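Visitor: First, the structure itself, so that you have it in front of you.
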Amino acid sequence: MEQAVNWINEGKKVAFATVIGTWGSSPRPVGSQLVINDQGAFVGSVSGGCIEGAVIGEALNTISDGENRILSFGVTNDEAWEVGLACGGDIRILVENSDNIKILQRIMDEMPFAIITNLNTKNKIYYSENNLNSIDDLSDNLSNHLKMAFKSNIPRLIMDNEEEIFIQVYNKPLRCAIIGAVHISQALIPMAKVAGFDVLLIDPRGSFATEERFPNVDINDGWPDDAMLKFNADNRSAVVTLTHDPKLDDPALEIALKSKAFYIGSLGSRRTHAARIERLTDKGYSKEELSRINAPVGLDIGAKSPSEIAVSILAEIISVKYTEHGAI
């Protein structure tokens, strides 16, 4: 979305290609997008292979003639790898011009945001999650699906009054606050970024949180409770404490427990965690509140090295993201 806005500001024309339906197997889920400009440059993906070439060609045609298109690719198992499908299946892609910078900017400013597209008429309706109280003009079926799309953060293709409707959801980035500029963090941060998280490293110890040890990383060198208040964790945020020092971890955990963070994890053995629970209980936190802390942090995969522990932590974050919340 941001790249599309930048291109339009540079005077380039832009088209969006969006996966609106898959059947069988596809390496990219419904809602995946490819953004193309009139010079053929693109960002994003709608498949894992050769479909991109065909889609980019059709997108350039859409930019040229102004006609939106719905593309369908259907393949057998033997042909699947040639067009980027993991095995036989079908994929449908909506290709459309997107030169309305005001709408694109509104989406970025008002996330969570949804675009409802009638694939029969090509008409669109725009909703931010904040104005869901004004959906009386939608059918009960469509309004229910819109609410579910916001809740799950999963786009959907539905039938409504015998018309095909696609609901695309745009949400705020996933975020992860990591407390502790330690070896595990050096491995965890780049992996979390690849997985789609905006990462903030929090550590007041100047000799630990250095540019040399953590290049190209956002660092807050304030005290963890102050830094966490500024981070303002929401339901698309994960918080991981890794210092193994109660003076640093506990203040961050206290702020995290008062937030809507979907994941809270803390490094330490079961014995260490028991002592942590006792300290936080003495500060008035309930058993239910403290049960939100995943500790020892990470999935139990027998991890030993810092990089292996980082893998286990990210795996647990992703597992909680999907298994306990459906999707966010």
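The values are calculated or read from the model by the stated rules, or taken from the named source; none is laboratory data. As the structure is a computational prediction, the values presented were derived from the model and not from experiment. Cβ atoms come from the backbone with ideal geometry, glycine included; neighbour counts cover every protein chain shown.
Visitor: For the range 227-251, give me each residue that is in a helix (DSSP H, G or I) and touching a Phe, Trp or Tyr at 6+ places or on another chain (Cβ under 9 Å).
Guide: Going residue by residue through the range 227-251, those that are in a helix (DSSP H, G or I) are 227-231, 246-251.
Residues satisfying the conditions are Leu248, Pro251.
Visitor: Where in the range 131-197 are there strands (runs of 3 or more DSSP E), lying fully within it, with 2 or more residues that are without any contact (Cβ under 8 Å) to a residue 40 or more places away in the chain?
Guide: Numbers: elements: 156-160, 163-170, 174-179.
Where strands (runs of 3 or more DSSP E) fall fully within the range 131-197 and carry at least 2 residues being without any contact (Cβ under 8 Å) to a residue 40 or more places away in the chain, they are 156-160.
Visitor: Can I ask one more? Restricting attention to the range 203-213, does a residue exist that is in contact (Cβ under 8 Å) with a residue 60 or more places away in the chain, in a loop (DSSP other than H, G, I, E, B) and not aromatic (Phe, Trp, Tyr)?
Guide: Residues of the range 203-213 in contact (Cβ under 8 Å) with a residue 60 or more places away in the chain: none.
No, the range 203-213 contains no residue that is in contact (Cβ under 8 Å) with a residue 60 or more places away in the chain, in a loop (DSSP other than H, G, I, E, B) and not aromatic (Phe, Trp, Tyr).
Okay, residues lined up against (1) surrounded by 15 or more Cβ atoms within 10 Å (Cβ to Cβ); (2) in contact with a helix residue (DSSP H, G or I) (Cβ under 7 Å, 6 or more places away or on another chain); (3) at pLDDT 80 or above; (4) under 20 Å from Asn6 (Cβ atoms):
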position: Trp23; (1), (2), (3), (4): no, no, no, no
position: Pro29; (1), (2), (3), (4): no, no, yes, no
position: Gln33; (1), (2), (3), (4): yes, no, yes, yes
position: Gln39; (1), (2), (3), (4): no, no, yes, yes
position: Gly48; (1), (2), (3), (4): yes, no, no, no
position: Ile56; (1), (2), (3), (4): yes, no, yes, yes
position: Asp65; (1), (2), (3), (4): no, no, yes, no
position: Arg69; (1), (2), (3), (4): yes, yes, yes, no
position: Val83; (1), (2), (3), (4): yes, yes, no, no
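Visitor: A further question follows. Please go through the range 300-328 and pick out each residue that is surrounded by fewer than 17 Cβ atoms within 10 Å (Cβ to Cβ), hydrophobic (A, V, I, L, M, F, W, C) and in a loop (DSSP other than H, G, I, E, B).
Guide: Once the filter is applied, which keeps residues that are surrounded by fewer than 17 Cβ atoms within 10 Å (Cβ to Cβ), hydrophobic (A, V, I, L, M, F, W, C) and in a loop (DSSP other than H, G, I, E, B), the range 300-328 yields Ile301, Ala327.
Conditions (1) exposed (fewer than 15 other Cβ atoms within 10 Å of the Cβ); (2) at pLDDT below 95; (3) in contact with a Leu (Cβ under 8 Å, 6 or more places away or on another chain), marked per residue:
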{"residue": "Asn171", "(1), (2), (3)": "no, yes, no"}
{"residue": "Ile189", "(1), (2), (3)": "no, no, yes"}
{"residue": "Val199", "(1), (2), (3)": "no, no, no"}
{"residue": "Pro224", "(1), (2), (3)": "no, no, yes"}
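Visitor: Another question, if that's okay. Kindly list, by first and then second residue, each pair from a residue in the range 249-261 that is under 12 Å from Ala238 (Cα atoms) to a residue that is of a type in the set (S, T, N, Q) and surrounded by fewer than 21 Cβ atoms within 10 Å (Cβ to Cβ), limited to pairs with Cβ atoms under 9 Å and residues at least 6 apart or on different chains.
Guide: Once the first residue is under 12 Å from Ala238 (Cα atoms) and sits in the range 249-261, its partners that are of a type in the set (S, T, N, Q) and surrounded by fewer than 21 Cβ atoms within 10 Å (Cβ to Cβ) give Ser259/Asn232; Ser259/Asn235; Lys260/Asn235; Ala261/Asn235.
Visitor: State whether one or more residues within the range 105-118 are at negative phi, assigned to a loop (DSSP other than H, G, I, E, B) and either in contact (Cβ under 8 Å) with a residue 24 or more places away in the chain or not aromatic (Phe, Trp, Tyr) (or both). Step through it out loud before you land on a result.
Guide: Quick first cut of the range 105-118, residues at negative phi only: 105-118.
When the remaining residues are screened for being assigned to a loop (DSSP other than H, G, I, E, B), the result is 111-112.
When the remaining residues are screened for being either in contact (Cβ under 8 Å) with a residue 24 or more places away in the chain or not aromatic (Phe, Trp, Tyr) (or both), the result is 111-112.
Within the range 105-118 (the criterion being at negative phi, assigned to a loop (DSSP other than H, G, I, E, B) and either in contact (Cβ under 8 Å) with a residue 24 or more places away in the chain or not aromatic (Phe, Trp, Tyr) (or both)), the answer is yes, since at least one residue qualifies.
Visitor: Here's a check for you: in the range 257-292, which residue that is basic (Lys, Arg) and in a helix (DSSP H, G or I) is farthest from Pro246 (Cα to Cα)?
Guide: So in the range 257-292, the residues basic (Lys, Arg) come out as 258, 260, 270-271, 276, 279, 283, 287, 292.
When the remaining residues are screened for being in a helix (DSSP H, G or I), the result is 270-271, 276, 279, 287.
Values: Arg270: 15, Arg271: 14, Arg276: 8, Arg279: 9, Lys287: 19 Å.
This residue is Lys287.
Visitor: Still on this structure, I have one more. Looking for whichever is polar (S, T, N, Q) and surrounded by 16 or more Cβ atoms within 10 Å (Cβ to Cβ) here; the options are Ser269, Ser259. Which one fits?
Guide: Details: Ser269 fails: surrounded by 16 or more Cβ atoms within 10 Å (Cβ to Cβ).
Only one candidate qualifies: Ser259.
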